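Read through the structure below, which is laid out as structure tokens, and then see the notes.
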Amino acid sequence: MDAIILQILNGLDKGSAYALIALGLTLIFGTLGVVNFAHGALFMIGAFCAVTLSRLLQISHTVIDETQKDFLGNPLQVEVPYIYDIFGQATGDVIIDWAVPISILFAIPVMVLIGVAMERGLIKHFYSRPHADQILVTFGLAIVLQEIIKYYYGANPIPTPAPDAFKGSFDFGAALGFDPNTIIYPYWRLVYFAFAAIIIGGVFAFLQFTTFGMVVRAGMADRETVQLLGINIDKRFTLMFGLAAAVAGLAGVMYTPINSPNYHMGMDFLVLSFVVVVVGGMGSLPGAVLAGFLLGILESFASMREVLEFLPGINQIIIYLVAIIILLTRPRGLMGRKGVMED
Amino acid sequence: MGILDIKNVGKRFGGLQALGDVNLSVAENSCHAIIGPNGAGKSTLLNCLVGKLIPDTGSVMFDGKSVLGRKPYEINQMGISRVFQTPEIFGDLSVLENMLIPCFAKRDGSFTPNAFIDMYKDREIVERAEHMLEEMGMADARGDNAATMSRGNKRRLEIGMCLAQEPRLLLLDEPTAGMARADTNNTIDLLKQIKDERDITIAIIEHDMHVVFSLAERITVLAQGTPLVEDTPDKIKGHPKVREAYLGETQDAA
Amino acid sequence: MSKMNLTRRGVLKTGAIAGAGVAAPTIFTAQSAAAFTNEPTGSSVTLGFNVPQSGPYADEGADELRAYELAVEHLNGGGDGGLMNTFSSKALQGNGILGKKVEYVTGDTQTKSDAARASARSMIEKDGAVMITGGSSSGVAVAVQALCQEAGVIFMAGLTHSNDTTGKDKKANGFRHFFNSYMSGAALAPILANNYGTDRRAYHLTADYNWGYTTEEAVRTSTEAMGWETVAAVKTPLTQTDFSSYIAPVLQSGADVLVLNHYGGNMVNSLTNAVQFGLRDKLVNDKNFEIVVPLYSRLMAKGAGANVKGIFGSTNWHWSLQDEGSKQFVQSFGTKYGFPPSQAAHTCYVQALLYADAVERAGSFNPCAVGEALSDFEFDGMGNGPTLYRGEDHQCFKDVLVVKGKENPTSEFDLLEIVEVTPTSQVTYDASIFGGELGACNPGA
Amino acid sequence: MLGLDKKHTNLLLLVFVLTLLAPFILNPFPEGSGMAQFNAGYPDLMQRFVIFGIFAIGFNILFGLTGYLSFGHAAFLGVGSYAAMWMMKLLTMNIIPAIAVSVIVAGLFALLVGWISLRRSGIYFSILTLAFAQMSYALAYSVLTPITGGETGLQPKLQDPRILDGALEAGASPKANLFGLEMGSSFEWSVGSWLFTFNVGYYVAAIAMLASFYLAIRIFNSPFGMMLRAIKSNQQRLNYTGLNARPYTLAAFVVSGMYAGLAGGLMVAMDTQVGAERMFWTASGEVVLMTILGGAGTLIGPVLGAGMIKYMENIMSKINSTILHEWFAFLPDGLEDFVVTLIYPFIGKGWHLTLGLIFMLVVIFLPGGLVEGGQRIAKLFKRKNPSSDTPDGKTTPAE
């Protein structure tokens, strides 16, 4: 029982990352009709916003410490962040410690800007081109973006820890009356889950309750009619792309303490997030979220050793198996509208 | 008994009864029009005939054989060809290639893995396709890309492609929709010519009364998913029920 | 910046000079022209450095390349001579190899066996490399080693830790200086027993491929011999990035040690996740929960950041070693590049020098002669203390380091501290236990 | 000739001459010169050109003609490779049975995958093929290790049975051969300071490529090929013309899977090694890049695209900063460093970046790929003497 609860918890947490990425992908597909293979790269760039900010906060000058020696036996050069000089060491340490949450503020404008630039500069020329062309050009863009990041940050993962306040894990077991330590979950992952829920809720509320959102939803349903009404839907769609980029970017920022970011983390997520979108139903926002959580939970169950004993290797293929089964039995996905990219 | 017999056909989409209880018989070598206001179920009926939809009830017999449950290509191979509302042709291919495809389909059936013959060396097929193009008056355009043609010519090509299969029944779905008057008249002339020169049954769904009355020998009026009346054009013109059904519909049907 | 004459097959150099302006073409086959593949006949010899330059191990590859460039500099008499000063064999003169200037070509393995072989073949076929070295994974090492055997050149493996490289996939033309899974297990177990006691219950997470299997097996066998119990071993996909669903059930199982048989990105992520779960703050069976990483590399430690603190693992070499050889190498490398070398850099540098020395001692570049000179060769002064290149499987036997993540690092390179230098005798095994057949050396041609 | 019209006969002859003379064409620079870096006329790369050419030609039969974008074609290449390797291990190092079996096995696997995946079209089809390929990769790397060798892959071993081959001489290792003619053996011809290598393996692979190319021309010009193009153009009309699209697409899928299997078998024949990464989704992506880069739906395009990507991968990636400095040594020191800094990110280890950029540019500006580029250039020259269009009704794809 506790093992099951644990894996559901786990699946929800994993699923929240999938859902966030799939949400952004679906926003773009639903509004613009564009299949964006560079979406994983946006996630990755978001993560590197956190890395960049944490590096900016740690820009240092060196002080020579005669009492210590470096590896060559010379006096040690100690790096002192400028931030210490401004705020004092204690405050400076706190600021550096909180680099990841602070990066959210930094990442939003950066990601919106990147998203808008991408849409205006590239994607907009591909609205009328076939899906295959869209896939290919965004795939090329994804390669370029990740190579640029690699050039500046190297190929090695860069540790970007969460603030100390979130170290350790919460003991659900003790709280729920099971044995202590049976159901533990890291605080930061709980934060991630809550964060994802807020973002998802926010996006839905935004689309549901604002006029902007209503127009965009109308545009998703029938672009031409909305345009006939004299509404500049293009401009709104550009902003939607910015929004989707920001969602992907924030998902990336908050993900950094979970796994040290590296340049290919976007590609690692790309295939998976497409499977999520397709399983949820192309163009369906609730479908993307649902499928994200569902696949997260299934993946978690497939990784249990009790399952692996029966089906060795099932953890390697579960996601793809589910995708194949869903596509064959329910081609429009779990919640897709009929006729959207169907045969 | 006609070449096409539709008996008790009904089709429901969720809460909407698209077709009620349709009974219709199309006589061989006649030209039969199905008219009706928007939403009367004309397109649903047509889709039931060609295999795109399967009716919930009833039977559709073509030449004594049921078409229900068969795929569109199988029904086509039985001898039913369909002309679409917007011309459906192979836009990326040349006009001649567009015509070659139905010629191959007619002779070789629904699938032939003939990957090693040069299609232009198949004189029988090429001559047939060229002959059809000449008949359609498009021999000069044979090398053109089909997508670049005018809408009228695309329609002409599509009809030609259907005829190349020598179908026994030609289904036309609003063949003049969205056409300029001149193109419409050309199409009417073409269809008249086909009707006169060939042993072919034509069933036509049309909005445009001018087209219907120029061509049809019998007319079925469909309203709310059921046939209202079926009669000759002259009788239909003055029929009170028809006027009733078309009230408010007559303006844009002109 | 004007020297670096890009050579090709040495054969041609003389041929080209002599044949310049000669109208009549000469046709010859490789067989008739040379005694062995790419025999250098000009004034220089070309080595092929095949390292990952793209893909996840690109940084490791970059460090390997630095080491090779340093080795070439030293071999050609530049710099401070590096390990040639401390190497027990004094055959190398700093005048190239056998008097021929050392030149090199580089290639990108992409950490894929196909790409690695393509790159190695291009070095052999196009650039006339007489030896290939480098690499950062066992898949690549085994693939390139087999290629070099076929082509008739020497392969000096870079970073490869699987038993297979000198076990079931060993080849007469291939040599490995790096240690392997078996040695990691043998070196780690006593230290783990000393620190964590002999009554421990271990939970293994194992990368689901060859290296993972052999490492798990090695650590399991040697820890079970110390009295540990293995509670469970779960295989994780290579492409896994989030290990939470594998780590979450660990505590429930009643295990009090988690062994992460992971390498590279897998290890960075699984360790980060495990620490996140607060496993190390838990008390299980009245003991502190512990995590063990059988194979450490500095780049992995760097990627995992503070999460490595206090975690045991093994490594081939570390720059904080205080023997003369290690100090000399750190000095040379650090002076040139400004930071201490990684274990991958050390292995690659040493491999380059060992090859050069073997050629000098053999008096020939012929792979068979070189192989003979390397087989059962005993040396010292290259770090790791006295070392034996065993003839039966071409595996180096030397001290293995057990290290621990440092609690208070002074720099981004100072992440590990040496806990124990396990003597060679403890990690030596019988050459036959992994199967495989060395075969005969192949000089090609 | 060979049942082809004049235009296609000329094309085939051109490709024949180019492949025959490839050792000369690809080695234009004398040995030892700075430009020798750019020579590509060594056996491994020449073999890869033609092998990946075959792979791309096959992929193009599916994607270029029917428009079905498979994102899992590398799986067929991989399966073919494994099949070929097992034939070599069990039966004989002669490449004929290995290649024959690789084509058959890849064809059967493609039949299975295609039969399921072709129930869907568009991006759903792409995801299905991707899912199959990723499953093949993941399983081959892990639980199927006893069959596939997993991480370290498979190579011929001394102790393999090879029941048709005689015992090896002492000290000899098993080598891929064609009735005794070893794939690795080469003739070298030295002319002045030029050196040309004629490799047996290359010519064997080249013959396979020419045969594949010829077959592709036949398919393109056949009614079957026209039906495939019709599927891409308008599947609805095709259905209502009495033609069943499924067997056509499935046949195209299987044929292109067999091409991939042939390529896989040849890879093993030329370089006796197979590993699971060969099936990773990026490998499937690579053949898509090749086809689009060269020109999807054209005959020669995929071959050009394959050549270009393999050239970049093998030649560009080997240029390191030392070589760059050598090239620009004639510039003043400061300028030299500046120029090198400017170029360095795009070559050597940065070759992926260049590839991504070129690929984007091609998709944006030349949707028809390099072939379209060539045609545009040709048009610029032709404008001076207007050609008379012959309305023979053929819009056979551009070469």
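The values are calculated or read from the model by the stated rules, or taken from the named source; none is laboratory data. Note that the structure is a prediction, hence the values are computed from the model and not measured. When we count neighbours, we look across all protein chains shown, and the Cβ atoms used for this are built from the backbone with ideal geometry, even at glycine.
Confirm whether residue B:161 is surrounded by 20 or more Cβ atoms within 10 Å (Cβ to Cβ), within 14 Å of another protein chain (Cβ to nearest Cβ), within 30 Å of residue B:35 (Cα to Cα) and in contact (Cβ under 8 Å) with a residue 40 or more places away in the chain.
Answer is yes for this residue.
If I ask for residues that are away from chain C (no Cβ under 14 Å), within 26 Å of residue D:29 (Cα to Cα) and of a type in the set (D, E, K, R), which ones from region D:177-229 would you list?
The answer is none; no residue qualifies.
Which members of region B:86-104 meet the condition of being part of a loop (DSSP other than H, G, I, E, B), touching a Leu at 6+ places or on another chain (Cβ under 9 Å) and under 18 Å from residue B:171 (Cα atoms)?
Scanning region B:86-104 gives B:87, B:89.
Residues checked against (1) farther than 21 Å from residue C:133 by Cα; (2) free of Cβ contacts under 8 Å to residues at least 60 places away in the same chain; (3) of a type in the set (A, V, I, L, M); (4) assigned by TED's automatic domain parsing to the domain that holds residue C:305:
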| residue | (1), (2), (3), (4) |
| --- | --- |
| C:358 | no, yes, yes, no |
| C:367 | no, no, no, no |
| C:379 | no, no, no, no |
| C:384 | no, no, no, no |
| C:390 | no, yes, no, no |
| C:409 | yes, yes, no, no |
| C:420 | yes, no, no, no |
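Cβ-Cβ under 6 Å, sequence separation 6+ or interchain: first residue in region B:135-147 and without any contact (Cβ under 8 Å) to a residue 60 or more places away in the chain, partner surrounded by fewer than 16 Cβ atoms within 10 Å (Cβ to Cβ) and part of a loop (DSSP other than H, G, I, E, B). Which pairs?
B:143/D:391
For residues that are at the interface with another protein chain (Cβ under 7 Å from one of its Cβ atoms) and within 17 Å of residue C:291 (Cβ to Cβ), tally how many sit in region C:227-241.
2
Please go through region C:382-392 and pick out each residue that is buried (at least 22 other Cβ atoms within 10 Å of the Cβ) and part of a loop (DSSP other than H, G, I, E, B).
Result: C:382, C:383, C:384.
Restricting the search to region B:60-112, which residues are in contact with a Pro (Cβ under 8 Å, 6 or more places away or on another chain) and farther than 18 Å from residue B:50 by Cβ?
The answer is B:100, B:104, B:108, B:111, B:112.
Inside region B:150-254, counting only helices (runs of 4 or more DSSP H) that do not spill past its ends, which hold 2 or more residues that are assigned by TED's automatic domain parsing to the domain that holds residue B:9 and over 30 Å from residue B:107 (Cβ atoms)?
Passing ranges, in order: B:181-197, B:209-215, B:233-237, B:240-246, B:250-253.
Against the condition modelled with pLDDT of 90 or more, away from chain C (no Cβ under 12 Å) and more than 19 Å from residue A:185 (Cβ to Cβ), how does residue A:285 come out, does it pass?
Considered against the rule, which asks whether it is modelled with pLDDT of 90 or more, away from chain C (no Cβ under 12 Å) and more than 19 Å from residue A:185 (Cβ to Cβ), residue A:285 comes out as no.
Could you list all residues from region D:1-59 that are among the small types (Gly, Ala, Ser) and at the interface with another protein chain (Cβ under 8 Å from one of its Cβ atoms)?
Hits for region D:1-59 are D:3, D:32, D:34, D:36.
Where residues in region B:23-40 are of a type in the set (A, V, I, L, M) and crowded, with 19+ Cβ neighbours inside 10 Å, which of them is farthest from residue B:244 (Cα to Cα)?
Only one residue tops the list, namely B:26.
Could you list, in sequence order, the residues of region C:68-121 that are closer than 18 Å to residue C:48 by Cβ and part of a loop (DSSP other than H, G, I, E, B)?
Correct list: C:76, C:96, C:98, C:109, C:110, C:111, C:112.
Can you pull out the helices (runs of 4 or more DSSP H) entirely within region D:300-377 that have at least 2 residues that are more than 24 Å from residue C:47 (Cα to Cα)?
D:301-314, D:333-343, D:351-365
Could you look through region A:248-280, keep only residues that are in a loop (DSSP other than H, G, I, E, B) and hydroxyl-bearing (Ser, Thr, Tyr), and pick out the one that is nearest to residue A:150 (Cα to Cα)?
A:263
Looking at (1) surrounded by fewer than 22 Cβ atoms within 10 Å (Cβ to Cβ); (2) within 14 Å of chain D (Cβ to nearest Cβ); (3) not aromatic (Phe, Trp, Tyr), which is the only condition residue A:297 fails?
Among (1) surrounded by fewer than 22 Cβ atoms within 10 Å (Cβ to Cβ); (2) within 14 Å of chain D (Cβ to nearest Cβ); (3) not aromatic (Phe, Trp, Tyr), the lone unmet condition for residue A:297 is (2).
From the list C:328, C:322, pick out the single residue that is in a loop (DSSP other than H, G, I, E, B) and not hydrophobic (A, V, I, L, M, F, W, C).
C:322
Okay, residues lined up against (1) assigned to a helix (DSSP H, G or I); (2) in contact with a Pro (Cβ under 9 Å, 6 or more places away or on another chain); (3) surrounded by 17 or more Cβ atoms within 10 Å (Cβ to Cβ):
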{"site": "A:162", "(1), (2), (3)": "no, yes, yes"}
{"site": "A:165", "(1), (2), (3)": "yes, no, no"}
{"site": "A:188", "(1), (2), (3)": "yes, yes, yes"}
{"site": "A:192", "(1), (2), (3)": "yes, yes, yes"}
{"site": "A:196", "(1), (2), (3)": "yes, no, yes"}
{"site": "A:202", "(1), (2), (3)": "yes, no, no"}
{"site": "A:243", "(1), (2), (3)": "yes, no, yes"}
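Which ranges mark the helices (runs of 4 or more DSSP H) fully within region D:1-71 that have 2 or more residues being in contact with a Lys or Arg (Cβ under 6 Å, 6 or more places away or on another chain)?
The qualifying helices (runs of 4 or more DSSP H) are D:43-66.
Return yes or no: is residue D:251 modelled with pLDDT of 95 or more, more than 9 Å from every other protein chain (Cβ to nearest Cβ) and either under 20 Å from residue D:219 (Cβ atoms) or in contact with a Gly (Cβ under 8 Å, 6 or more places away or on another chain) (or both)?
Taking the combined requirement at face value, the residue does not satisfy it.
Only one of these conditions is not met by residue C:371: (1) of a type outside the set (Phe, Trp, Tyr); (2) in a loop (DSSP other than H, G, I, E, B); (3) in contact with a Cys (Cβ under 8 Å, 6 or more places away or on another chain). Which number is it?
So residue C:371 meets the others, but not (2).
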